[in-house]
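The values are calculated or read from the model by the stated rules, or taken from the named source; none is laboratory data. Worth saying up front: this structure is predicted, and the values here are computed from it rather than measured. Cβ atoms come from the backbone with ideal geometry, glycine included; neighbour counts cover every protein chain shown.
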Ligand SMILES: CC(C)(COP(=O)(O)OP(=O)(O)OC[C@H]1O[C@@H](n2cnc3c(N)ncnc32)[C@H](O)[C@@H]1OP(=O)(O)O)[C@@H](O)C(=O)NCCC(=O)NCCS
């Protein structure tokens, strides 16, 4: 790669690289099931997409790829003068369509495998070639006759060979699952790629299910990207008055089902942008739509594994004197006191509560500078107040040097050392000269 030579370019590169580094760490070892629409193979995006998939693999992400083959089947049928038949949103796979599906799946898998087999000399660990695995990993059954329509060779997933999938992923292979399934009687079924991807993600308890869709992805009525949706918001969108593109509607229904089945993050990403996968996973803004069961930032009690993330967050604040310095050891022993605001495996904020009878100290409240002014500090404070109330604490106090106004605007009033429990008063650092702010809490 040629590094930018001008100062601005250099600065932008450094910021982008520093910004992405925590995501690289957060995704390593995670499993992503990635469906890409058949359109991905037709346009100029294909090379870029395969490159980015190879890059994700080289960064230690466990990948299952599910290629869609709908446009390829349609093209093959059209070449034979046959019109495709869809009923209830699904293809009716007669003999001709099954032939086309087999041919399309074979060609698509061969192209994906061939491209991934290329030497990606600039990627980390590139001396080892990428190994791709396919096989009889999906047991299928016929969809049968529904509402009077015989779907013939269209099938549905009966079982995924999770053990074989896990073995392949543990062995550092990319798994390629074309939308075909095999029955114990030796029949072949044409599967809905989206259903297959969802079933695979659920079977593997994948960290992410990703739909790379033709076009720009999900937009609101004013053509602006919808960047996040909770399950409840997806439902509202599906039952609302706005007419959605039928493909996007299906993706949304699948995403909804997936999050209900325990997949924490489901992404719908438009294929029309080069590098869309990288932008979605390694930048704060993303480029697609993230569907989660609950709001995707959560506050939870900290555990020992969070120590590193908390230290990263508070070190700069300690160095500038905003927070009191804590050693790693002290943080480890006091980790039970901490609560963290987490997003996508990254710690964006933290706060600690030290109870002493009916009094509690709120300490170490911090939000990552890139994420301030979004109400996160307020949410952490409300969370700590709720925890304190549950513990029977009637008065919260905080010692602050820089942030008095912030607390005053949130119901704290100026107090004195007399408001501190005796033990805490003895530890008070007169050189630091923090001010005491106090907030009475109503009973839970
Ligand atoms: C204080 C802090 C936790 C707030 O986090 P946040 O997520 O930005 O908080 P919110 O979004 O809920 O609140 C933002 C509002 O507080 C204001 N604010 C931020 N820092 C402030 C300060 N030091 N004094 C007064 N107001 C402040 C912002 O201007 C913004 O006001 P606005 O809504 O009118 O625009 C964050 O600024 C931080 O980490 N600061 C450094 C650590 C610190 O001082 N901790 C407290 C020590 S005990």
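Just to be sure I understand, how many residues within segment 143-172 are touching a helix residue (DSSP H, G or I) at 6+ places or on another chain (Cβ under 9 Å), part of a strand (DSSP E or B) and buried (at least 19 other Cβ atoms within 10 Å of the Cβ)?
Within segment 143-172, residues that are touching a helix residue (DSSP H, G or I) at 6+ places or on another chain (Cβ under 9 Å), part of a strand (DSSP E or B) and buried (at least 19 other Cβ atoms within 10 Å of the Cβ) number 4.
Please work out if residue 224 is without any contact (Cβ under 8 Å) to a residue 24 or more places away in the chain, farther than 20 Å from residue 57 by Cβ and surrounded by 14 or more Cβ atoms within 10 Å (Cβ to Cβ).
Spelling it out, it is not the case that residue 224 is without any contact (Cβ under 8 Å) to a residue 24 or more places away in the chain, farther than 20 Å from residue 57 by Cβ and surrounded by 14 or more Cβ atoms within 10 Å (Cβ to Cβ).
Mind checking which residues of segment 365-398 are near the ligand (Cβ under 7 Å from one of its atoms) and assigned to a strand (DSSP E or B)?
Result: 365, 366, 367, 398.
Yes or no: segment 58-67 includes at least one residue that is over 30 Å from residue 22 (Cβ atoms), touching a residue at least 24 places away in the same chain (Cβ under 8 Å) and assigned by TED's automatic domain parsing to the domain that holds residue 193. Quick ask: steps written out before the conclusion?
Taking segment 58-67 and keeping what is over 30 Å from residue 22 (Cβ atoms), we get 67.
From what is left, the residues that are touching a residue at least 24 places away in the same chain (Cβ under 8 Å) are 67.
Subset that is assigned by TED's automatic domain parsing to the domain that holds residue 193: 67.
Yes, because at least one residue in segment 58-67 is over 30 Å from residue 22 (Cβ atoms), touching a residue at least 24 places away in the same chain (Cβ under 8 Å) and assigned by TED's automatic domain parsing to the domain that holds residue 193.
Between residues in segment 358-381 that are at positive phi and in the same structural domain as residue 418 (by TED's automatic domain parsing) and residues that are more than 6 Å from the ligand (Cβ to nearest atom) and at pLDDT 95 or above, which pairs lie under 6 Å by C-beta distance while being six or more apart or on different chains?
Note: pairs meeting the criteria are 364/352.
Quick check on this structure: which one of 290, 279 is in the same structural domain as residue 228 (by TED's automatic domain parsing) and assigned to a helix (DSSP H, G or I)?
279
Let me confirm something: among 442, 418, which residue is in a helix (DSSP H, G or I) and more than 14 Å from the ligand (Cβ to nearest atom)?
Values: 442 fails: in a helix (DSSP H, G or I).
Exactly one of 442, 418 is in a helix (DSSP H, G or I) and more than 14 Å from the ligand (Cβ to nearest atom), namely 418.
List the residue pairs whose Cβ atoms are under 8 Å apart, where the first residue sits in segment 419-430 and is over 16 Å from residue 360 (Cβ atoms), the second is in a helix (DSSP H, G or I), and the two are 6 or more positions apart or on different chains.
Within 8 Å, the pairs are 428/417.
Touching a residue at least 24 places away in the same chain (Cβ under 8 Å) and near the ligand (Cβ under 10 Å from one of its atoms), is that true of residue 324?
The answer is yes for residue 324.
Based on what the data block shows, is residue 348 part of a strand (DSSP E or B) and either touching a residue at least 24 places away in the same chain (Cβ under 8 Å) or within 11 Å of the ligand (Cβ to nearest atom) (or both)?
So residue 348 passes the test.
Filter segment 421-439 for residues that are more than 20 Å from residue 322 (Cβ to Cβ) and in a helix (DSSP H, G or I) and give the result.
422, 423, 425, 426
Could you check, for segment 280-300, whether at least one of its residues is in contact with a helix residue (DSSP H, G or I) (Cβ under 8 Å, 6 or more places away or on another chain), surrounded by fewer than 20 Cβ atoms within 10 Å (Cβ to Cβ) and farther than 30 Å from residue 233 by Cα?
no
Only residues that are within 24 Å of residue 255 (Cα to Cα) and outside any helix (DSSP H, G or I): list them for segment 1-57, please.
If the condition is that a residue be within 24 Å of residue 255 (Cα to Cα) and outside any helix (DSSP H, G or I), then 28, 29, 30, 31, 32, 33, 34, 35, 36, 37 are the ones that fit.
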